[in-house]
Amino acid sequence: VNDDIKFDVIYPSSDYFFDLIPAIMLKRKFKLAKLVGIIHHHLDLPWRRRGNIAQNTLLFISQRLDFLLFKFFNLVFVPGNREGGLIKGVLGNYISENKIAFFKNGVEYRKINSLAEVEKRFDACFLGGFRQSKGVLDIVPVWREVVKSLPEAKILVIGGGTSSSESLVRRMVEEAKLLRNVTYAGVLPSESLFSFVKACRIFVSLSYEEGWGIALLEALSCGLPAVVYDLPAYDIFGNAILRVKLGDIKMISHKIVEIINDQSMINKYRILGRELSANFDWEIAAREEMKVLERIIDDKTS
C-alpha cells in the first residue's frame with residue numbers, strides 16, 4: 001500500500017479472519033484511519049443449523065473468534081435495524097453498543113423494473129444456493145404436496161452448489177416422479193437472471209436462516225408475491241410477504257396452492273412487494289451507509 005495515500009476508512013468486506021487480520025495490520029500503519037467491520041450473517045448454534053454438525057461447529061467457533069477481533073474496530077455494521085437480535089444476543093457480548101451500526105442490503109430496483117415483462121411459464125421460483133440452510137432439501141417435499149392439489153404446477157429452481165448437492169436434489173426430483181414439475185436452471189448470469197424470475201408467478205423461499213434476504217428482495221422487485229418460512233431477518237419486509245411457520249412443509253405447500261389459485265391475492269402482493277422493494281435500491285442503501293461512515297470519520301474521539 002502506498003504510504004503517500006491518505007485513507008479515511010479501512011473496511012474489510014467480511015467478518016472472516018483472513019479479511020480482519022490484514023485490516024487490523026493496516027490500521028497499525030495508518031493510525032488516523034477508522035477501522036470499520038461488517039457482519040453479513042450471524043451463525044446460530046451448530047445443533048440448531050441444518051447441515052453437517054462438524055462443519056457447523058467449526059464455522060460457529062471461527063465466527064466467534066472473529067468477533068473477538070472486533071474490539072480493535074471503531075465501528076461494526078450488522079444487517080437489519082435497531083430491533084435486531086444480533087446486537088443484544090451476540091455481538092453486544094464482544095463490543096460496546098455504541099460501536100454497532102445497522103445497514104440495509106439492496107437491489108437493482110431500477111434495472112429490474114426497466115426489463116420487459118415476459119410470459120409466465122412457471123408457477124413458482126426458488127432462487128438460492130444449494131445448501132441445507134437454504135432449504136434445498138425441502139424443495140421436493142413441498143412441491144410433492146403442491147402437485148397433489150395442482151398436478152400441472154411447475155417450479156423453476158435457480159442456483160447451484162457442490163456437484164454432490166446438485167446431484168442429490170436432481171435425484172430427489174427423479175425419485176419423486178416430479179421431472180415434469182421441477183425445472184432446474186442452474187446458476188444463471190446476471191443479464192438473464194431477472195428475465196427468468198419474471199417468468200414465474202410467485203417466489204418461494206425455503207431458507208432456514210438468512211442474514212437479510214437479497215434473493216427475496218430481487219423477487220419482490222420482479223413483481224413476484226413471496227411465500228417464505230418465517231425468519232427474524234424478514235421482519236424488515238413487514239406485510240409485503242406471506243410467512244409460515246419455519247419448516248412446516250404442509251403449511252407452506254397449502255399457502256403456495258392458495259395464492260396460485262387466487263389472482264387477486266397475487267395482484268395484491270405484487271403491488272405490496274414492488275412498493276417495498278423500491279425503498280431498498282442500492283443507491284438508497286449506499287447513501288444511508290455513507291452517512292454513518294461520514295459520522296465516524298468526523299468523530300475525533302473514536
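The values are calculated or read from the model by the stated rules, or taken from the named source; none is laboratory data. All figures in this text were calculated on a predicted structure; none of them were measured in a lab. Cβ: placed from backbone, ideal geometry, glycine included. Neighbour counts: every protein chain shown. Note: areas computed on protein heavy atoms with side chains; ligands, DNA, RNA excluded. Shrake-Rupley method; radii C 1.70, N 1.55, O 1.52, S 1.80 Å.
Would you pick out the residues in region 183-218 that are within 16 Å of residue 233 (Cβ to Cβ) and outside any helix (DSSP H, G or I)?
203, 205, 206, 207, 208, 209, 210, 211, 212, 213
Of the residues in region 49-65, at least one is under 14 Å from residue 91 (Cβ atoms), touching a residue at least 12 places away in the same chain (Cβ under 8 Å) and open to solvent by 20 Å² or more (accessible area, probe 1.4 Å).
Within region 147-159, how many residues turn out to be under 24 Å from residue 195 (Cα atoms) and either at pLDDT 95 or above or open to solvent by 20 Å² or more (accessible area, probe 1.4 Å) (or both)? Give the steps one after another, and end with the answer.
Step one: list which residues in region 147-159 are under 24 Å from residue 195 (Cα atoms), which gives 152-159.
Among the residues that remain, those that are also either at pLDDT 95 or above or open to solvent by 20 Å² or more (accessible area, probe 1.4 Å) (or both) are: 152-158.
Of the residues in that region, 7 qualify.
Residues that are open to solvent by less than 30 Å² (accessible area, probe 1.4 Å) and not in a strand (DSSP E or B) within region 104-131 comprise 105, 106, 112, 128, 129, 130, listed in sequence order.
Name the one entry in 221, 277, 205 that is farther than 26 Å from residue 146 by Cα and touching a helix residue (DSSP H, G or I) at 6+ places or on another chain (Cβ under 7 Å). Working first, answer last.
On the way: 221 fails: farther than 26 Å from residue 146 by Cα; 205 fails: farther than 26 Å from residue 146 by Cα.
Every option except 277 fails the conditions.
So for region 159-167 (the condition being polar (S, T, N, Q), in a helix (DSSP H, G or I) and under 17 Å from the mean Cα position of the chain (by Cα)), does at least one residue qualify?
In the first step, residues of region 159-167 are kept if they are polar (S, T, N, Q); the result is 162-165, 167.
Remaining after also requiring in a helix (DSSP H, G or I): 163-165, 167.
Narrowing further to those that are under 17 Å from the mean Cα position of the chain (by Cα): none.
Scanning region 159-167, I find no residue that is polar (S, T, N, Q), in a helix (DSSP H, G or I) and under 17 Å from the mean Cα position of the chain (by Cα), so the answer is no.
The set of residues in region 87-125 being under 21 Å from residue 157 (Cβ atoms) and either free of Cβ contacts under 8 Å to residues at least 12 places away in the same chain or small (Gly, Ala, Ser) (or both) consists of 124 alone.
Assess whether residue 192 counts as being small (Gly, Ala, Ser) and surrounded by fewer than 21 Cβ atoms within 10 Å (Cβ to Cβ). Spell out the reasoning first.
Values: small (Gly, Ala, Ser): yes; surrounded by fewer than 21 Cβ atoms within 10 Å (Cβ to Cβ): yes.
Yes, satisfied.
Checked against (1) surrounded by fewer than 17 Cβ atoms within 10 Å (Cβ to Cβ); (2) farther than 22 Å from residue 133 by Cα; (3) basic (Lys, Arg), residue 171 passes all but a single condition, namely (2).
Looking only at residues of region 4-32 that are assigned to a loop (DSSP other than H, G, I, E, B) and open to solvent by less than 40 Å² (accessible area, probe 1.4 Å), we find that the one that is modelled with the highest pLDDT is 12. Consider region 255-267 and keep the residues that are without any contact (Cβ under 8 Å) to a residue 40 or more places away in the chain and in a helix (DSSP H, G or I). The one that is surrounded by the fewest Cβ atoms within 10 Å (Cβ to Cβ) is 264.
Of the residues contained in region 93-104, one or more are found to be within 30 Å of residue 259 (Cα to Cα) and in contact with a strand residue (DSSP E or B) (Cβ under 9 Å, 6 or more places away or on another chain).
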